[in-house]
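The values are calculated or read from the model by the stated rules, or taken from the named source; none is laboratory data. Worth saying up front: this structure is predicted, and the values here are computed from it rather than measured. Please note: Cβ atoms are built from the backbone with ideal geometry, for glycine as well, and neighbour counts cover all protein chains shown.
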């Protein structure tokens with residue numbers, strides 16, 4: 001029933017009905033609003049998009065999770081001093097800006113990353129560099145990023161990626177998918193010194209490192225999570241990266257990587 005029809009009914013001389021009319025009008029308007037919102041969300045998700053909301057993290061604009069976009073001109077991106085997985089002399093570098101609580105990042109980790117690792121990283125063709133991009137509206141993401149760095153402090157890049165894998169495996173994502181009290185539990189499971197790990201985490205030793213990654217992401221146009229830059233490796237660690245955004249299928253990465261390996 002349309003709002004206009006409701007208005008006509010409301011204006012009827014039936015006093016019994018009129019006593020309920022205001023409530024019916026409000027319910028109809030509320031129902032229309034939610035139906036419209038639901039339809040908009042369905043269309044948005046069909047388009048492959050993420051959360052279209054700007055957040056903030058320590059005063060910095062936090063990127064949103066966005067729909068995949070076409071690859072444009074290569075962008076100069078540095079590996080910085082971030083953890084590397086794979087042969088450091090690999091011909092191609094894959095830089096990933098990601099958020100441990102981002103559902104699209106988890107989807108990539110689950111659906112796409114294993115095949116990339118098997119075909120390219122484990123074979124020495126590609127090296128992965130993971131850079132933190134915790135979104136402001138994902139409450140636990142910054143501390144999870146710091147926790148992975150604390151793991152790295154004890155056991156180098158190998159420990160970092162073991163910890164990285166466990167966070168993505170255990171979290172249900174969306175901000176608080178992994179309780180912060182589980183961070184030292186993961187450290188214990190990986191054989192790390194839990195006391196030293198907790199001290200590192202509580203001190204905020206790697207907060208500045210995470211914040212720097214966030215700032216660098218903005219400088220290179222990483223406006224969504226996950227965002228990837230793929231390019232030929234260089235001696236100075238700065239690549240001309242082809243930008244790939246979103247939880248893309250394996251084929252999207254394969255196309256770019258194979259071209260760079262020629």
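Quick notes on this one:
- Annotation note: of 70, 87, the sole residue that is modelled with pLDDT of 95 or more and outside any strand (DSSP E or B) is 87.
- All of (1) in contact with a strand residue (DSSP E or B) (Cβ under 9 Å, 6 or more places away or on another chain); (2) within 19 Å of residue 165 (Cβ to Cβ); (3) part of a loop (DSSP other than H, G, I, E, B) hold for residue 228 with one exception: (3).
- Subset of region 165-189 that is at positive phi and touching a helix residue (DSSP H, G or I) at 6+ places or on another chain (Cβ under 7 Å) - its residue that is surrounded by the most Cβ atoms within 10 Å (Cβ to Cβ): 173
Results for (1) modelled with pLDDT under 95; (2) on the phi > 0 side of the Ramachandran plot, shown as yes or no for each residue.
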| residue | (1), (2) |
| --- | --- |
| 191 | no, yes |
| 201 | no, no |
| 208 | no, no |
| 212 | no, no |
| 219 | no, no |
| 224 | yes, no |
| 228 | no, no |
| 231 | no, no |
| 258 | no, no |
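- With respect to the conditions (1) surrounded by 15 or more Cβ atoms within 10 Å (Cβ to Cβ); (2) part of a helix (DSSP H, G or I); (3) without any contact (Cβ under 8 Å) to a residue 60 or more places away in the chain, residue 192 falls short on a single one, namely (2).
- Elements of type helices (runs of 4 or more DSSP H) in region 94-189, at least 2 residues being within 12 Å of the chain's Cα centre (by Cα) and free of Cβ contacts under 8 Å to residues at least 12 places away in the same chain: none
- Region 247-262, residues that are assigned to a helix (DSSP H, G or I) and under 23 Å from residue 102 (Cβ atoms): 250, 251, 252, 253, 254, 256, 257
- Screening residue 257 on (1) under 18 Å from residue 146 (Cα atoms); (2) in contact (Cβ under 8 Å) with a residue 12 or more places away in the chain; (3) surrounded by fewer than 22 Cβ atoms within 10 Å (Cβ to Cβ) shows it passes everything except condition (1).
To keep it simple, each residue is scored yes or no on (1) buried (at least 18 other Cβ atoms within 10 Å of the Cβ); (2) touching a strand residue (DSSP E or B) at 6+ places or on another chain (Cβ under 6 Å); (3) under 22 Å from residue 237 (Cβ atoms).
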| position | (1), (2), (3) |
| --- | --- |
| 110 | no, no, no |
| 117 | no, no, yes |
| 124 | no, no, yes |
| 129 | yes, yes, yes |
| 141 | yes, no, no |
| 161 | yes, yes, yes |
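- Some residue of region 209-218 being part of a strand (DSSP E or B), in contact (Cβ under 8 Å) with a residue 24 or more places away in the chain and touching a helix residue (DSSP H, G or I) at 6+ places or on another chain (Cβ under 7 Å): no
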